[in-house]
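Peer 1: Quick one: the structure is below, and I'll ask about it shortly.
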Amino acid sequence: MTKRTASLIIGFWVLAVATSAFAECAWVLWGQETAFTERWWIPAGWPFHWATTERTPTTRAEFRTLDDCQAGATKAYFRDLDTAKEMQKLPPVAGIRVVPSLWSYACVPFAQRPSIIEPGLVWR
């Protein structure tokens, strides 16, 4: 066996190992929180009464297929909706209303990292 043949065999083996590891988790569900802050000194009817802050996207779960990832995003949306409904039932504390944050989710291929996530599973 020549050096070239040996290096080809090793190269294919490394490629096979890397491919199988990638196949175990092909999609990652990322989430990004948008927090709302009430500016009490600005009248309530004005458009900039609320300030928004977008947090850095974080990983939420890993999935083998895109369909599984999208199903996981749907479950996360409904879980957040239930949490928001419960938070709206809370009474104001010191005259300030409790406002739930908004989470946006996106299914992203394993090797990529989004910098921003927009509603509707859109990411960049």
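The values are calculated or read from the model by the stated rules, or taken from the named source; none is laboratory data. Bear in mind that the values here come from a model prediction, so they are computed numbers and not experimental data. All Cβ positions, glycine included, derive from the backbone under ideal geometry; neighbour counts span all protein chains shown.
Peer 1: Any residue in region 69-81 that is of a type in the set (Val, Ile, Thr) and touching an Asp or Glu at 6+ places or on another chain (Cβ under 7 Å)?
Peer 2: Within region 69-81 (the criterion being of a type in the set (Val, Ile, Thr) and touching an Asp or Glu at 6+ places or on another chain (Cβ under 7 Å)), the answer is no, since none of the residues qualifies.
Peer 1: Residue check: is Gln32 touching a Lys or Arg at 6+ places or on another chain (Cβ under 7 Å) and either modelled with pLDDT of 90 or more or crowded, with 16+ Cβ neighbours inside 10 Å (or both)?
Peer 2: yes
Peer 1: Among the residues of region 53-60, is there at least one that is on the phi > 0 side of the Ramachandran plot, at pLDDT below 85 and exposed (fewer than 11 other Cβ atoms within 10 Å of the Cβ)?
Peer 2: Checked against the condition, which is being on the phi > 0 side of the Ramachandran plot, at pLDDT below 85 and exposed (fewer than 11 other Cβ atoms within 10 Å of the Cβ), region 53-60 yields no hits at all.
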